[in-house]
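The values are calculated or read from the model by the stated rules, or taken from the named source; none is laboratory data. No experiment lies behind these values; they were computed from the predicted model shown. Neighbour counts are summed over all protein chains in view; Cβ atoms, including those assigned to glycine, are modelled from backbone coordinates with ideal geometry. Surface areas here come from the heavy atoms of the whole protein model, side chains and all, with no ligands, DNA or RNA. Shrake-Rupley method; radii C 1.70, N 1.55, O 1.52, S 1.80 Å.
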Amino acid sequence: MALSIAPLFSGSSGNSIFIRSKSACILVDAGVSCTKIRGELQKMDVRMDDLDGILVTHEHIDHIRGLSTLSKKYDIPIYANAQTWEQLLPKLPNIQAKNVREIKTEDFYINDVCVQPIELSHDAACTYGYALTSHGKKVSILTDLGHVTRRIIDMAAGSSIVLLESNHDVEMLNAGPYPYRLKHRILSGKGHLSNDAAAQAAFDLATTGVRGIILGHLSINNNMEALALQTVSGFLNGMGVQVGRHMGVALAKRDGITGCYDAR
């Protein structure tokens, strides 16, 4: 196994993704408690002391809730861009200076994993997705973004697996109880991807060689797992990308490990 991805938690209540290579164990976000993350990692025989770093996508609470405790208790470096650190440091006073790692858009390494930040459009200081490559295998994480650009597709191109946001169904959102301002935020170019937008993105990724999509960050109020799968799979099949043959499509669970997917 050269590289694998395991969504631990995915949704508005908390997000955390585990990446493992031959010599690196990395978390992307820590949006639930340290106890919950430790419990899910134990299911894969991973100890907290095995973690080599935490990549932060942005400063929203569902991505950083357990960050301070994790870093302090287990002495783990945290990687985030300057704008995100400006938001994080007042919220995380217990972070040791030696564990503050400021990153830019240039590639960098955590052991044998090359990390390529991907700038995303979201209503945070400066949101990053990530493409992670090791021993010729690549996985990418594209969640919390309002729209997908050609540049984003190109940066995730060739990934074996992409964790892709499929946050809401537009009709469910519009008919639901959210106030207008919140609906407008979610639907905006700095909000979240709808199922339809995720379907188009999945097809665009398929044309670059991506063969596995994990749909994540589903809204508990404005989406259903079956609907997200049906929308994305139906669109792909209609465009000639046969699900199960040309591309695999799976769902990341909101609460608890989905599974560990090897990059092939």
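Filtering the stretch 177-218 down to residues that are farther than 20 Å from PHE235 by Cα and touching a residue at least 40 places away in the same chain (Cβ under 8 Å), which residue is least open to solvent (accessible area, probe 1.4 Å)?
GLY191
In contact (Cβ under 8 Å) with a residue 60 or more places away in the chain, surrounded by fewer than 20 Cβ atoms within 10 Å (Cβ to Cβ), part of a loop (DSSP other than H, G, I, E, B) and not aliphatic (A, V, I, L, M), is that true of ARG245? Explain how you work it out, then say what you get.
Details: in contact (Cβ under 8 Å) with a residue 60 or more places away in the chain: no; surrounded by fewer than 20 Cβ atoms within 10 Å (Cβ to Cβ): yes; part of a loop (DSSP other than H, G, I, E, B): yes; not aliphatic (A, V, I, L, M): yes.
Considered against the rule, which asks whether it is in contact (Cβ under 8 Å) with a residue 60 or more places away in the chain, surrounded by fewer than 20 Cβ atoms within 10 Å (Cβ to Cβ), part of a loop (DSSP other than H, G, I, E, B) and not aliphatic (A, V, I, L, M), ARG245 comes out as no.
Within the stretch 124-146, can you find the residues that are out of contact with any Ser or Thr (no Cβ under 6 Å at 6 or more places or on another chain), surrounded by 24 or more Cβ atoms within 10 Å (Cβ to Cβ), hydrophobic (A, V, I, L, M, F, W, C) and farther than 15 Å from THR208 by Cβ?
LEU132, ILE141
If you scan the stretch 206-226, which residues turn out to be assigned to a loop (DSSP other than H, G, I, E, B) and either hydroxyl-bearing (Ser, Thr, Tyr) or touching a Gly at 6+ places or on another chain (Cβ under 8 Å) (or both)?
Of the residues in the stretch 206-226, the ones assigned to a loop (DSSP other than H, G, I, E, B) are 207-211, 217-224.
THR207, THR208, GLY209, VAL210, ARG211, HIS217, LEU218, SER219, ILE220, ASN221, ASN222, listed by residue number.
Each row is one residue, and each column tells you yes or no for (1) more than 22 Å from ARG65 (Cα to Cα); (2) over 14 Å from the mean Cα position of the chain (by Cα); (3) surrounded by fewer than 14 Cβ atoms within 10 Å (Cβ to Cβ); (4) hydroxyl-bearing (Ser, Thr, Tyr).
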| residue | (1), (2), (3), (4) |
| --- | --- |
| PRO90 | no, yes, yes, no |
| ASN99 | no, yes, no, no |
| MET155 | yes, yes, no, no |
| HIS168 | yes, yes, no, no |
| MET172 | yes, yes, no, no |
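When you look at SER33, is it over 19 Å from TYR261 (Cβ atoms), open to solvent by 20 Å² or more (accessible area, probe 1.4 Å) and under 14 Å from the mean Cα position of the chain (by Cα), yes or no? Give the derivation first.
Numbers: over 19 Å from TYR261 (Cβ atoms): yes; open to solvent by 20 Å² or more (accessible area, probe 1.4 Å): yes; under 14 Å from the mean Cα position of the chain (by Cα): no.
Judged against the criteria, SER33 is not a match.
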